[in-house]
1. Return a yes/no flag: does the stretch 62-70 have any residue that is more than 22 Å from G24 (Cα to Cα) and hydrophobic (A, V, I, L, M, F, W, C).
2. Take the residues in the stretch 2-31 that are in contact (Cβ under 8 Å) with a residue 60 or more places away in the chain and of a type outside the set (A, V, I, L, M, F, W, C), then tell me which one is nearest to P84 (Cα to Cα).
3. List every residue pair whose Cβ atoms sit under 9 Å apart, with the two residues 6 or more apart in sequence or on different chains, where the first one lies in the stretch 43-58 and is within 19 Å of N77 (Cβ to Cβ) and without any contact (Cβ under 8 Å) to a residue 12 or more places away in the chain and the second, anywhere, is in a helix (DSSP H, G or I) and among the hydroxyl-bearing types (S, T, Y).
4. From (1) on the phi > 0 side of the Ramachandran plot; (2) over 15 Å from the mean Cα position of the chain (by Cα), pick out the condition that doesn't hold for T109.
5. What number of residues within the stretch 79-111 satisfy the criterion of being within 18 Å of E39 (Cα to Cα) and either of a type in the set (D, E, K, R) or in contact with an Asp or Glu (Cβ under 8 Å, 6 or more places away or on another chain) (or both)?
6. Do you know which residues across the stretch 73-115 are within 26 Å of N2 (Cα to Cα), of a type outside the set (S, T, N, Q) and free of Cβ contacts under 8 Å to residues at least 24 places away in the same chain?
7. Given (1) over 19 Å from T108 (Cα atoms); (2) aliphatic (A, V, I, L, M); (3) modelled with pLDDT of 95 or more; (4) surrounded by 15 or more Cβ atoms within 10 Å (Cβ to Cβ), where does L41 come up short, assuming only one miss?
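The values are calculated or read from the model by the stated rules, or taken from the named source; none is laboratory data. Bear in mind the structure is a predicted one, so any value in this text is a computation, not a measurement. Glycine gets a Cβ as well: all are built from the backbone with ideal geometry, and neighbour counts include every protein chain shown.
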Amino acid sequence: MNLEEHLDSLVPLLRTLKRDPSAGVFYDVMSGALVWTDEKLFEGLSSEQMGCLRGIFHYRTSLLKGAPEGRYEALWNRLKARYPDWIGFSASRCTPSRELLALYAELTTGRRGGP
């Protein structure tokens, strides 16, 4: 499945999302990624759109971990070019931090930790 083909249909849906300053963070097992609750767009998506969104979440989490994975980089860059104002591109959600790494460790292993 070429996820980039489905990105264009996902952008209008992402535009409907509004940033919530009190949004929580959860671990999406299917994408292996941290996702903020105000980014949830799981209902009504086709499996291709869902795969695309999960690829984007996965790549962002690889950035948070300081180890960008090339597999979804083109998808990430294409979304950034098409919709740079998406709430998921907020620096606080894309920049590695001890807090996010500790949260990732806790949610994926059940232990609080991090560098």
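1. The first filter runs over the stretch 62-70 and keeps only residues more than 22 Å from G24 (Cα to Cα), leaving 67-70.
With hydrophobic (A, V, I, L, M, F, W, C) added as a condition, the list becomes 67.
Yes, the stretch 62-70 contains at least one residue that is more than 22 Å from G24 (Cα to Cα) and hydrophobic (A, V, I, L, M, F, W, C).
2. Only one residue fits best here, namely R15.
3. From residues that are within 19 Å of N77 (Cβ to Cβ) and without any contact (Cβ under 8 Å) to a residue 12 or more places away in the chain, there are no pairs.
4. (1)
5. Within the stretch 79-111, residues that are within 18 Å of E39 (Cα to Cα) and either of a type in the set (D, E, K, R) or in contact with an Asp or Glu (Cβ under 8 Å, 6 or more places away or on another chain) (or both) number 6.
6. Those that are within 26 Å of N2 (Cα to Cα), of a type outside the set (S, T, N, Q) and free of Cβ contacts under 8 Å to residues at least 24 places away in the same chain: E73, W76, K80, A81, P84, D85, F89.
7. Among (1) over 19 Å from T108 (Cα atoms); (2) aliphatic (A, V, I, L, M); (3) modelled with pLDDT of 95 or more; (4) surrounded by 15 or more Cβ atoms within 10 Å (Cβ to Cβ), L41 violates only (3).
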